[in-house]
1. By its C-alpha gyration tensor, with a ≥ b ≥ c as the square roots of the eigenvalues, how is the range 264-423 shaped: rounded for a/c under 1.5, else prolate for a/b larger than b/c, else oblate?
2. Between the alpha-carbon centers of the range 191-208 and the range 55-116, tell me the distance in whole angstrom.
3. Roughly speaking, what is the centre-to-centre gap between the range 239-280 and the range 286-323 when only Cα atoms are used, to the nearest Å?
4. Hey, got a sec? Which GluC sites (Glu not before Pro) in the range 317-415 land in a DSSP loop and have at most 11 other Cβ atoms within 10 Å?
5. Taking a ≥ b ≥ c as the square roots of the eigenvalues of the Cα gyration tensor of the chain, is the shape rounded (a/c under 1.5), prolate (a/b larger than b/c) or oblate?
6. Which whole-angstrom value gives the distance between the alpha carbon centres of the range 1-50 and the range 339-377?
7. Solvent-accessible area per residue for the chain at a 1.4 Å probe radius, Å²?
8. Quick one: length gained pulling D281 to E140 fully straight, 0.36 nm per residue minus the C-alpha distance?
Amino acid sequence: MALRMDRFVIQGGRPLRGTIRVSGSKNAALPMMAASLVASGPLRLRQVPDLADVRTLAALLQTLGIGSRRDSGNLAMECVDNRPCRADYDLVRRMRASICVLGPLLAKRRKAIVSLPGGCNIGHRPIDLHLKGLRALGAEIQIENGYVIASASRLTGASIHLGGDQGSTVTGTCNVMTAACLARGTSVIDAAACEPEVVDLGHLLIAMGARIEGLCTPRLVIDGVEELAGADHTVIPDRIEAATLMIAAAITGGDVTIENVRAPQMVDVLETLSQIGVSLDWKPNQCRVSVNGPLRPITCTATPYPGFPTDVQAQLTALLCLVPGQSVVTDKVFPSRFMHVSELLRMGADIRREGDSAVIEGVSALSGAHVMASDLRASAALVLAGLAARNETNIHRIYHLDRGYEQLELKLQSLGASVNRIPDEL
Ligand code: EPU
């Protein structure tokens, strides 16, 4: 059977203008969907983006007895069979975030058999910290035939340190925090991730009856409860999509008002863009982004929240390719997340890799080329470069982009970009 892989064809050089609304956050929605496994009643999540990753997780959860129904932007989820506890390789391999079902399954059904997520283009992505946290709560865990096999009678509260060499773990914190909510007694999680997506999951769990203190800080104190109820919760806006759209406005020298953005969750991105010389004009929940003068090179390092997000590193690199002078971008979270560099070079960028950094010499223009998307954020960086480049850019394998950006080409078209999706058969 022929495999369909769409590509984007972009005619670059058009300044983006207009108003656009940011969708709900993918990385907040995914662990919240997995929390349906610990809910004893219906869960209603609002502002859930319609993305390939969300559909993949809904399909996986269906095999685990969770029924879900989408009506417009909302997802209604309810457990119809609480017996299955096996997450198969076939679905897990499509998306690493499937690992988010591990903690909830173990806490509620006392057993979890979850395929180990496979390799990934953004670097080595172990789950040792997830397993360490769940073992501390009393789980017996083995790895057999590519699966994590975990069991426990009832989890017991414990002191857990979740820090690793690269800092805290986002989905690891989600797994352990959710599991600890149903453990007997008190758990203290140190070096917890503070990303807004983790905090939003915490708010959902609290709405379900969990007792969590310390959200937004690296120390969470959780008093376990006997049962968690259903809840109705609105997912936060996607700060990574917001940042991507802001950079789209900046890289094309446009003037775009971006709605549904929460400035306090994006402080480091906003400071970085201001430092480069991008104009940001704020009203409540919206930001007008324009360029009114020359842009300046910068040095920027991606670190865990509240630092500059690794998920915006590639997009920032694309912008800096066109900023005169030398910029340096370092990624301390995923030190080899630089797959976009070789493709940007094909478009005329001047970038040199040095360890966990990219040294960028600004060029006066990029030129359209055929380039290959390698992962979600690298694809976004190539779209941004294509929007600014002379002539036509073809971005192949944009299924990566469909995993995490809702209707990106339609949003960009509405701002005046020429971006078209062409079906390719392989
Ligand atoms: N790490 C370990 N051991 C672990 C877990 C992580 O050493 O057990 C290391 C990783 O190798 C990495 C660092 O810790 O160097 C941070 O990884 P983390 O666990 O925080 O990443 P994640 O939870 O797997 C989430 C997002 C990613 C985002 C990272 C970092 C979701 C579904 N995914 O991944 O998002 O880059 O946090 O902020 O929330 C994306 O949306 O494009 C994306 C990749």
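1. Verdict is rounded for the range 264-423.
2. Value for the Cα centre distance between the two parts: 19 Å.
3. Centre-to-centre distance over Cα atoms comes out at 8 Å.
4. none
5. prolate
6. The range 1-50 and the range 339-377 have Cα centres spaced 26 Å from each other.
7. Value returned for the chain: 39 Å² of accessible area per residue.
8. Computed gain between D281 and E140 is 45.5 nm.
The values are calculated or read from the model by the stated rules, or taken from the named source; none is laboratory data. Quick caveat, the model's predicted, so the values are computed rather than measured. Ideal geometry is used to build each Cβ from the backbone, glycine not excepted, and the neighbour counts take in all protein chains shown. The accessibility values were calculated without ligands, DNA or RNA, using every heavy atom of the protein model including side chains. Shrake-Rupley method; radii C 1.70, N 1.55, O 1.52, S 1.80 Å.
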